[in-house]
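No lab work stands behind these numbers, since they all come straight from the coordinates. Values in this document were obtained by computation on a predicted structure and should not be read as measured data. Please note: Cβ atoms are built from the backbone with ideal geometry, for glycine as well, and neighbour counts cover all protein chains shown.
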Amino acid sequence: MANELADFAIKHAASLGASYAEARLENTEADAFVAKNGVLEVSGFDTSLGLGIRFIVKNTLGFVSTNMLEKSKLKHLIEKAVKLTARSSKITDGVSLSKEPVEKAKYKVSQKKNVLDIRPEEKVGLLKDIESSLAETKISLPGRYLSLSSGVTKKYYVNSDGSVIESEIPRINFYYMLTILRGAKTAQRMWQYGSASGWEITDKWNLPSLLKSEAMALDKNLKDGVKPPVGVTDLVIGPEIAGIIAHESCGHPFEADRILGREAAQAGESYMTIDMIGKKFANPCVTLVDDPTVPGAFGYYLYDDEGVKARRRFLIKKGIISEILQNRETAATLKTHSNGSARASEFNKEAIIRMANTFFLPGEYKTEQELIEGVKSGVYIKNFMEWNIDDKRYNNRYVGAEAYLIKNGKITVPVISPAIEVTTPALYRSIDALAQNLEFHSASCGKGEPMQGIPVTHGGPSIRLRGLKLGK
Amino acid sequence: MASDLQFLELLHHIKNRLVKAGADDAVVSGAKVSGSQIKFVNNKIAKTGTEGIVNVGIFFVKDKKVVTTSFEEIAEITGDDPFDVAQLNILKGKADRIVDKLLLFSKPLQPKQDWFGIAKGPFNYRQIAGIYDSKIANLSAEDEVDLVEKGINATVSEGAKRCGGIFETSSGEGFLVTSGGVEAKQRGTSAYFSIRAMLEKDSSGHNTASARTLSGLDIEESAKFAGHIASLAKNPKHGQKGNYAVIFAPMAWGALLDRVADATSIFSVEAGISFFKDMLNKKVANQIVNIYDDPTLPGSYGSYSFDAEGVPTQKNALIEKGILKTYLHNTSTARKYRTKTTASAGLVSPGPANVVLEPGKASCDDLFKHIKKGLYITNVWYTRFQNYAAGDFSTIPRDGMFLIENGEIKQPLKNLRISENMIHLLQNISELASDSKQMTSWEIDIPVTTPHVLINDVKITKPTK
């Protein structure tokens, strides 16, 4: 019934003069559990079902969305949207979409244990296990915030070019925030684990053990931590930091809509320009990709929200800028093809260019240890807490949470809050080696207005950076 | 569309079912919202948006087990005509199935031992003036486009080469019924305009306007300011690290004041994401600082009549003469801490809604005159904490940033970062201007009203390479 409404919507838009229309019907069933300091604060489940329709009228792009899935209401809303869009054509440059293959596809992520079949007590049980594991440390943890959500999104996508795509993707998301207290000093750590998988992924994560190790490491950092070194030093960063660097200083600035100014008033623009494609950006050891097709990755999909087939995108190939992230609108402007990067966070948001799973490909060093062995004096930063970057993605900061001094190729004492504060070109030029311990980490990435938080993965192996100075 | 009475009847039906099932507390809310949006890029309209949403939210506590759900299979309620008894019965049947699922879902969960119930009503509500405007609700496509065009032209008239932004309007009705005897409804409108003006790649200015009535929305003035800042920011140079006296424009300070206000939520305090833990009745800011949360202000962007459990909203002093006066509570958290609700529900997390930093007496020019060497920061973004509990964070100036020498703007700057502590900033606020502007933005979720603010000894860092 609802699929028919999506079909009806594009026909109705066409009858009102739309030269192109697409409809995306989304149905998400999910549940969530939040525990604070050992108490189950709130639990809940939600079902959302809604329709988003995008169209071109008088060379102008319009979008309309509703969860009022009733024909007369839908007609009325589309008519209202077409009117506003037609009027807006008074001040547009005109929009066009790149021509892409017509796709007919149906796919789903198979789950060994369907997240919707797992009983609430089992999900809460995981949070309880984490609490017990943290309690075993005997560390003072006055703040423990744990949240677990999981669900399945079914999409039906149809466009006036003839594409019809159906998908079913489960997602699990675990977020935590710990406060460690030692004397009068505190340390904090928040992180997220997410995957487009069935419940079985939680066995692989082994969250009780992970959080326990982190709490112990941060407590040791508070107890024994020394100040970061001053002066020029070498760094080895773990996969979590490699991932955030890939996401912030390569993935975002390589989004074509930012480069063309479409996000200027929101997430900003970019240091990148189109003429930088093909130019050297990093040492040849650096290859960085964005790949929506990695099985299980939080940002997984096979067709984007414009009906374009997804594929791996090489953003930096052997140190050379190779490709940027495109949707059909930017591809038409730049006279190329979309590489399937358009996504919307939910039915009532327009699809815009998003990263999916952005990561450094592994390098030649087998282990992280080998990278460390090549550092005479430096700092190993395993993970981080504070980070940010300016809106052109030029001025980075990543502040370590768990970190250690390196002396003569060996990890020694913990270091408190080492801050990497560096420009993007200097950061990429400083990379001299990568290991093979590739890890994926998940996040919710924010972009667009209204804000769209969307599941993404970022990652990489451990990376060695030469000759940087830590900030204060 | 189905009448308000029918909508309320459905909400009552759900609430009664929950009570019959043994609810300690039941809160059922409903909303009907319609909105439109115009996004503009490089001086041209890039996209329009139109939205119509209806939903019902359910909050249910039984044996101290707290659960929530939403109910969206309500297409019947959205037809053009008032529906008949048969349609209403279909809806009630659907609602019953949701309630049954909710009961089953909650059964095996653990109780929240520190849950102490919702407010007992009914209450009398004051109508807040100026929060609904039929001119926004019925704004024509022609007028929407014209307003955007005026904004674009205003930035260009100030010298900007290009601008981008968004114009959004929204109109909605909210309904609430609770097991505490509350039946309440309110309607409201809002309009939001954001514009970022660009002169060159590194020269930009940003401003927003937000209002509940069309006459309260000053698009042209906001756009002119953005254009003016962009022009002033021509040819910025790399700034130097150090500790500076900084004048924050409302958009910049608003993004940090938003975080200050959020830290007063008792939920934030308990979760370890507040730098105000154990600071009640202690000095957290300079004595010239008075901050309150007041959702009762006529015509204000964050104003509303009742909170999420139906308690009439009120003005709450958060910081008075630099002293932290209260955390924000709902009825349950207030009972836990043996105090009174501040009418700030959030049933799970109480929070601020309409924050005001009281202005001072100095003119904005006076603030500049009092600086020998300092910075003027017009916007910040990407505020992230190393430690919420300690208040350690950094944030990045965006758009026009200027070096001030001997009271005058000397040079536009770029590529600096504020690396600070929230309590340190609050305690070093040395002067407040008399101007005041309500701000919401991409970075400001909670509407905040703030003047220009002068803060001494602000730590500024820059990339080491």
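Full extension of the chain between B:Gln411 and B:Glu183 gives 76.3 nm of extra length, using 0.36 nm per residue less the Cα-Cα distance. Counting every other Cβ atom within 10 Å of each residue's Cβ, A:Ile165, A:Ile274 order from fewest to most as A:Ile274, A:Ile165.
Is there a simple number for the mean count of other chain Cβ atoms within 10 Å of the Cβ of residues in B:290-302, and what is it?
Neighbouring Cβ atoms belonging to other protein chains average 0 per residue here.
What would the Debye formula give as log10 I(q)/I(0) at q = 0.11, 0.13, 0.15 Å⁻¹ for the alpha-carbon point model of the range A:2-224, no solvent? Listed by q, the Debye log ratios stand at -0.72, -0.83, -0.93.
Charge dipole (Cα centre; +1 on Lys/Arg Cβ, -1 on Asp/Glu Cβ; no other charges) of chain A amounts to roughly 760 debye. Using a simple spin-label model with pseudo-atoms 7 Å out from Cα toward Cβ, A:Lys90 and A:Lys410 lie 7.6 nm apart. Over 24 Å between Cα atoms: which of B:Lys44/B:Lys410; A:Lys392/B:Lys39; A:Lys318/A:Lys447; A:Lys138/A:Lys220; A:Lys155/B:Lys112; A:Lys309/A:Lys349 fall into that group? Too far apart for the 24 Å limit: B:Lys44/B:Lys410; A:Lys318/A:Lys447; A:Lys155/B:Lys112. Cross-link pairs exceeding 31 Å between alpha carbons, from the set B:Lys120/B:Lys321; A:Lys154/A:Lys204; A:Lys279/A:Lys407; A:Lys212/A:Lys407; A:Lys123/B:Lys336: B:Lys120/B:Lys321; A:Lys279/A:Lys407. Along its principal axes, the protein assembly as shown has C-alpha extents of 81, 65, 64 angstrom, given from the largest down.
With +1 assigned to the C-beta of every Lys and Arg and -1 to the C-beta of every Asp and Glu, and no other charges, what is the dipole magnitude of the range B:237-461 about the Cα centre in debye, to the nearest 20?
520 debye
Cross-link pairs exceeding 28 Å between alpha carbons, from the set A:Lys108/B:Lys62; B:Lys161/B:Lys237; B:Lys161/B:Lys372: A:Lys108/B:Lys62; B:Lys161/B:Lys372. Calculation over all alpha carbon pairs of chain B in 10 angstrom steps from 0 returns a P(r) of 4, 19, 26, 25, 17, 8, 2, 0 percent. The alpha carbon convex hull volume per residue for the range B:188-294 rounds to 184 Å³. Inter-label distance, B:Glu200 to A:Lys112: 5.9 nm, where each label sits 7 Å from its Cα along the C-beta direction.
On the basis of the beta-carbon distance and an R0 of 45 Å, A:Lys227 and B:Ala31 show a calculated FRET efficiency of 0.30. Calculated mean residue ellipticity at 222 nm for chain A: -6500 deg cm²/dmol, from DSSP H runs with n ≥ 4 weighted as -39500 (n - 2.57), summed, divided by the residue count and rounded to 500.
The dipole here belongs to the protein assembly as shown: it is taken about the Cα centre, uses +1 on the Cβ of Lys and Arg and -1 on the Cβ of Asp and Glu, and is about 2180 debye. All C-alpha pair distances within the range A:386-471, sorted into 5 Å bins from zero, spread as 3, 11, 14, 24, 24, 13, 7, 3, 1, 0, 0 percent across the bins. I'd like to know which of A:Ile277, A:Met355, B:Gly180 lies farthest towards the positive end of the charge dipole of the protein assembly as shown, counting +1 on Cβ of Lys and Arg and -1 on Cβ of Asp and Glu. Farthest along the dipole direction, towards plus: A:Ile277. Label positions at B:Gln314 and A:Lys185, each projected 7 Å from the Cα along the C-beta direction, are separated by 4.3 nm. Taking the dipole about the Cα centre of the range B:237-461, with the C-beta of Lys and Arg at +1 and of Asp and Glu at -1, give me whichever of B:Cys364, B:Gly407, B:Leu297 is farthest to the positive side. The Cα lying farthest towards the positive end belongs to B:Gly407. Multiplying the residue separation of B:Lys20 and B:Glu221 by 0.36 nm and removing their Cα-Cα distance gives an extension gain of 66.8 nm. Counting only Cα atoms, the size of the range A:232-469 along its three principal axes is 53, 33, 32 Å, in decreasing order.
Rounded to the nearest 500, what is chain B's calculated 222 nm mean residue ellipticity when only DSSP H runs of at least 4 contribute -39500 (n - 2.57) each, over all residues?
Mean residue ellipticity, 222 nm, calculated: -7000 deg cm²/dmol.
A quarter of the convex hull surface defined by the alpha-carbon atoms of the range A:152-271 gives 13.1 nm² as the mean projection. Loop-located trypsin sites (Lys or Arg not before Pro) in the range A:8-109 (DSSP state not H, G, I, E or B) with no more than 12 neighbouring Cβ atoms inside 10 Å: A:Lys99.
The trypsin sites (Lys or Arg not before Pro) of the range A:340-407 that DSSP puts in a loop, and whose beta carbon has at most 14 other beta carbons within 10 Å, are A:Lys366, A:Lys376. A dipole drawn for the range A:122-188 from +1 and -1 charges on Cβ atoms has a positive end, and of A:Ala187, A:Leu148, A:Leu126 the residue lying farthest that way is A:Ala187. 3J(HN,Hα) along the range A:199-213, derived from phi through the Karplus expression 6.51 cos²θ - 1.76 cosθ + 1.60 where θ = phi - 60°, amounts to 4, 4, 4, 5, 5, 5, 5, 6, 4, x, 6, 4, 5, 4, 4 Hz, with x in place of Gly and Pro.
Shown here: chain A, whose C-alpha atoms stretch 72, 55, 36 Å along the first, second and third principal axes, sorted largest to smallest.
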